[in-house]
Amino acid sequence: MLEAKNISKSFPGVKALQNVNFTFYAGKVNAILGENGAGKSTLLKVLTGVYQDYEGDILLDGEKVTFESVKAAQLAGVGIIHQELNLIPSLSIAENIFLGNEVKNTFGVLNDMEMESRSAELLQQVNLNISPNTKVESLKVGEQQLVEIAKALLIETHVLLMDEPTSALTDKEIDRLHGIIAKLKAEGKAIVYISHKMDELFRIADTYTVLRDGQTVGAGEMSETTEANLISLMVGREVQIPPKSQGKAAGEVSLKVENLNLPHPTIKNRNLLDDINLELRKGEILGIFGLMGAGRTELLESIFGLNSRNLQGETLINGEQVKISSPQVAKNHGLAFLTEDRKSEGLVLGMDLSANIGLTTLKNGTLLQAGKEAETAKKYINELSIKTPSESQLAVNLSGGNQQKVVLAKWLDTFPEILMLDEPTRGIDINAKSEIYDLIAKLAESGKSILLVSSEIPEILALSDRILVMAEGKITAEFKAGEVTEEILLKKAI
Amino acid sequence: MNKELLKKSQSLLALFALCLVITLLSDKFMTTTNLWNVLRQISVNVCISVGMTLVVLMAGIDLSVGSVLAFSSAVCAGLLKSGLEFQSFDLFVGFTVLGGVLVALLVGLLMGLFNGFVITKFSIPPFVATLAMLTIARGATMLYTKGIPISNLGSSFEFIGSGWLLGIPLPVWISLIVVLVMVFVTKKTTFGRYIYAIGGNEKAAFLSGINVNRVKLWVYGLAGTMAAIGGVLVTSRLNSAQPNAGVSYELDSIAAVVIGGTSLSGGVGTVTGTVIGAAIIGVLNNGLVLLDVSPFWQQVVKGGVILLAVIIDRKSKGSK
Ligand SMILES: Nc1ncnc2c1ncn2[C@@H]1O[C@H](COP(=O)(O)OP(=O)(O)OP(=O)(O)O)[C@@H](O)[C@H]1O
Ligand SMILES: [Mg+2]
């Protein structure tokens, strides 16, 4: 049992936690809910020794504990899966899993065989069928997330804290993770679980604690509450859940892709993208659904000029054939690409918010316009309700969901004609999500074309006018809005 | 912003403390002749280090600055001394001081651009590419000078390194201009913003549509140019281009950059910080000579100071 009494923690200009109280029980899944920036991740970091300068007491099985490091927390049986991926790209999966817990033989030499075979077992548990020798840098975000989970499973813990472990996973992997959690729960472990996905919380969580602006505003049993009730606790008012899109008439073709093929970099006779043909119209939102590894991200990357060296096929914009050889060229053709991994691809973490938003719109060989940049940033802070003390806050200091909004802002500010979104609402809370849905719908209404990749079926269904399903680099099905259900989508994706 | 100021005041404080200690130990330090002398010496390292700052901000490194300095100086001196002769055309071109200097800068620029080209085109780590340039340029210098200094370059050329303007040594003016221009470039232009962005997260910068390779190319080009400026100052001060000029200058300039608070992993740091770093090293060098410390001990002390500076820097970052 893990208890907290009056925990408070501040950052310069931000009271992240104020007198937070809770009890997390062994043998239960304890959910923490709250909007972006509510203080959830900070709370977990306080509990695991990442931050030591907090007020209040942490009690583990009734005894007061203070952890001076993450390692100390681990030794006391408290493990964590962080919201942001913390793997070392240049090391292999096995090396990452065993980082800091290496297995050595009697001479102190690393026992690679042992580590690899145990990594392979752990990977099997999380259903990731990749060799443990693979370098992490070649993995997609979702796969990295699975490696993080495998890494957490390596260590025997009594309490396992999970900060949005499913934000980058598709339904299949989520089910698998839920299976693992059920097992851990049966072993009497206390699981603490953060997620913005309501339906999953109702499936697996036993208790809930809701944070709002760093304070506990509610707690209880999941079975005694409703989604609407939880949301109103989180937001402080009622929120409309967006209805499914009914589809609408679209204009001329703005983007056309013909016979796109992308060979696998190492395996012969295999294509990451296999004969892709698609048309995107003005004012249309085209959803692309698929499981992990289906080639969704590769498709967007290829259109954006990232694979131009190996790519075969044709791209037409407004009927004219174009050769997109780099992101710059893509940008000049009115394309924008919101990438999947905000930390490694989206943000310069050490720069402030306004500089990050400005990155896409700077003109070569000109002077910076600090005033204008700040004004733009302020506009988006307002429009997307980014929670931050000011526009000069460093990106690294924002909460995960708010970072995501900054990446969105930086592309919105290029006023693109064709907007490609790869998991645009990853880690974004339910209230902000519906605002972003509105925004996307409005962009489409004003004649922009939108290509939406998402692992969340409800998101695809809520926004798309048309849906393509991808599997193993191919397009396997196409549906109009309103004529498809979750089950059919999933079936076509396998 | 505040943190930056705090950091700068910290290193400024260290500089003053150093000056104070040396003043207490030697009465030769606080004399106008000595101080001008120190400033004149610092100017060279400032020019080189400002270029190095741009490179390091981008998470790169340039080990070739010392050799580039030597080669561009040698070319400059050679042209001033004996001009260009095309025997087959029976043509002789003499060079004015301005012409010689411009060619030196051009040579520095080209060598820097070559560094940048190799780094971006073949994805060779900057450390390796510029290490190669370090020996190539040094070898080229030896070939060009045949290992013999090129001296007596004329009094108007000598004026650049030894002359005064409005009561201040000319090299100090020149380095001041270099600093002001680069402060402006790093803080106020999109090019400067690109440098910080690439150092902070190259992938994100690339995906934002920034031409990362072109920025890199020019930054290495600038670093070469500024090494050449340093070369002109050294050469004209001595009125002679030495084949082994600038040996191990890359170390002093990396030290100045690091002491000035620029992170070797890129994205963080300032040109003005580097200037303070260069001043600390310059004053230290001067003080050690004035105090008659043996050259061997000088090196040990200098190394110790670099370590200390970086440790303090890390500490103040960690506590934040
Ligand atoms: N290192 C930091 N420096 C300054 N402020 C910070 C820092 N870390 C977090 N904050 C601020 O503390 C608040 C709480 O952040 P936290 O990351 O705990 O939110 P969260 O509930 O996990 O949000 P999300 O759902 O977006 O992940 C936010 O306002 C955030 O900007
Ligand atoms: Mg969080």
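Here's the yes/no breakdown for (1) away from every other protein chain (no Cβ under 14 Å); (2) over 11 Å from the mean Cα position of the chain (by Cα); (3) over 21 Å from B:Val183 (Cβ atoms):
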position: B:Glu250; (1), (2), (3): yes, no, yes
position: B:Ile254; (1), (2), (3): yes, no, no
position: B:Val275; (1), (2), (3): yes, no, no
position: B:Ile281; (1), (2), (3): yes, yes, no
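Residue by residue, here is whether (1) within 16 Å of ligand 2 (Cβ to nearest atom); (2) out of contact with any Asp or Glu (no Cβ under 8 Å at 6 or more places or on another chain) holds:
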position	(1), (2)
A:Met1	no, no
A:Leu43	yes, yes
A:Tyr54	no, yes
A:Phe67	no, yes
A:Leu75	no, yes
A:Leu87	no, no
A:Ile93	no, yes
A:Asn96	no, yes
A:Leu99	no, yes
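Just to verify a result, which residue in segment A:405-453, among those that are out of contact with any strand residue (DSSP E or B) (no Cβ under 7 Å at 6 or more places or on another chain) and modelled with pLDDT of 90 or more, is farthest from ligand 2 (Cβ to nearest atom)?
Among them, the one singled out is A:Phe415.
I need a count of the residues in segment A:358-389 that are at pLDDT below 90, away from ligand 1 (no atom under 16 Å from the Cβ) and among the basic types (Lys, Arg).
Residues meeting the conditions: 1.
Please tell me if A:Leu394 is on the phi < 0 side of the Ramachandran plot, within 14 Å of chain B (Cβ to nearest Cβ) and among the aliphatic types (A, V, I, L, M).
It is true that A:Leu394 is on the phi < 0 side of the Ramachandran plot, within 14 Å of chain B (Cβ to nearest Cβ) and among the aliphatic types (A, V, I, L, M).
Scanning for something under 30 Å from A:Ser302 (Cα atoms), in the same structural domain as A:Asn318 (by TED's automatic domain parsing) and more than 16 Å from ligand 1 (Cβ to nearest atom), does segment A:390-410 turn up at least one residue?
yes
Among the listed residues B:Leu110, B:Leu131, which satisfies the condition of being surrounded by fewer than 18 Cβ atoms within 10 Å (Cβ to Cβ) and farther than 15 Å from B:Ala228 by Cβ?
B:Leu131
Can you tell me which residue within segment A:191-215, out of those that are at pLDDT below 90 and within 18 Å of A:Thr23 (Cα to Cα), is farthest from ligand 1 (Cβ to nearest atom)?
A:Gln215
Keeping to segment B:190-222, report how many residues are at the interface with another protein chain (Cβ under 8 Å from one of its Cβ atoms) and out of contact with any Ser or Thr (no Cβ under 7 Å at 6 or more places or on another chain).
Of the residues in segment B:190-222, the ones at the interface with another protein chain (Cβ under 8 Å from one of its Cβ atoms) are B:190-194, B:196-197, B:200-201, B:203-211.
Now restrict to residues that are out of contact with any Ser or Thr (no Cβ under 7 Å at 6 or more places or on another chain): B:191, B:193-194, B:196-197, B:200-201, B:204-206, B:210-211.
So the count comes out to 12.
Being touching a residue at least 12 places away in the same chain (Cβ under 8 Å), more than 14 Å from every other protein chain (Cβ to nearest Cβ), within 16 Å of ligand 1 (Cβ to nearest atom) and open to solvent by 10 Å² or more (accessible area, probe 1.4 Å) is true for just one of A:Ile475, A:Ile430. Which residue is that?
A:Ile430
Restricting segment B:173-189 to residues that are away from every other protein chain (no Cβ under 14 Å) and buried (at least 17 other Cβ atoms within 10 Å of the Cβ), which is farthest from B:Lys216 (Cα to Cα)?
Checked segment B:173-189; the qualifying residue farthest from B:Lys216 (Cα to Cα) is B:Ile174.
For the list (1) open to solvent by less than 70 Å² (accessible area, probe 1.4 Å); (2) under 30 Å from A:Asp422 (Cβ atoms); (3) away from ligand 2 (no atom under 16 Å from the Cβ); (4) touching a residue at least 60 places away in the same chain (Cβ under 8 Å), I need the number of the one condition that A:Ile180 fails.
That leaves (4) as the condition not met.
Assess whether A:Thr376 counts as being open to solvent by 20 Å² or more (accessible area, probe 1.4 Å), closer than 29 Å to B:Val268 by Cα and free of Cβ contacts under 8 Å to residues at least 60 places away in the same chain.
yes
Please go through segment A:288-313 and give me each residue that is open to solvent by less than 10 Å² (accessible area, probe 1.4 Å), away from chain B (no Cβ under 14 Å) and part of a loop (DSSP other than H, G, I, E, B), ordered by number.
Once the filter is applied, which keeps residues that are open to solvent by less than 10 Å² (accessible area, probe 1.4 Å), away from chain B (no Cβ under 14 Å) and part of a loop (DSSP other than H, G, I, E, B), segment A:288-313 yields A:Ala294, A:Gly295.
Name every residue in segment A:93-125 that is closer than 18 Å to A:Gln74 by Cα and crowded, with 21+ Cβ neighbours inside 10 Å, in order of residue number.
A:Asn96, A:Ile97, A:Phe98
Please verify whether B:Ile22 is of a type outside the set (S, T, N, Q) and buried (at least 24 other Cβ atoms within 10 Å of the Cβ), treating the condition exactly as stated.
Considered against the rule, which asks whether it is of a type outside the set (S, T, N, Q) and buried (at least 24 other Cβ atoms within 10 Å of the Cβ), B:Ile22 comes out as no.
Look through A:Gln18, A:Gln52 and report the one residue that is within 14 Å of chain B (Cβ to nearest Cβ), open to solvent by 10 Å² or more (accessible area, probe 1.4 Å) and within 14 Å of ligand 1 (Cβ to nearest atom). Break it down stepwise before answering.
Working: A:Gln18 fails: within 14 Å of chain B (Cβ to nearest Cβ).
Going through A:Gln18, A:Gln52 in turn, just one is within 14 Å of chain B (Cβ to nearest Cβ), open to solvent by 10 Å² or more (accessible area, probe 1.4 Å) and within 14 Å of ligand 1 (Cβ to nearest atom): A:Gln52.
The values are calculated or read from the model by the stated rules, or taken from the named source; none is laboratory data. Bear in mind the structure is a predicted one, so any value in this text is a computation, not a measurement. When we count neighbours, we look across all protein chains shown, and the Cβ atoms used for this are built from the backbone with ideal geometry, even at glycine. We work out accessible area using only protein heavy atoms, side chains counted, and drop any ligands, DNA or RNA first. Shrake-Rupley method; radii C 1.70, N 1.55, O 1.52, S 1.80 Å.
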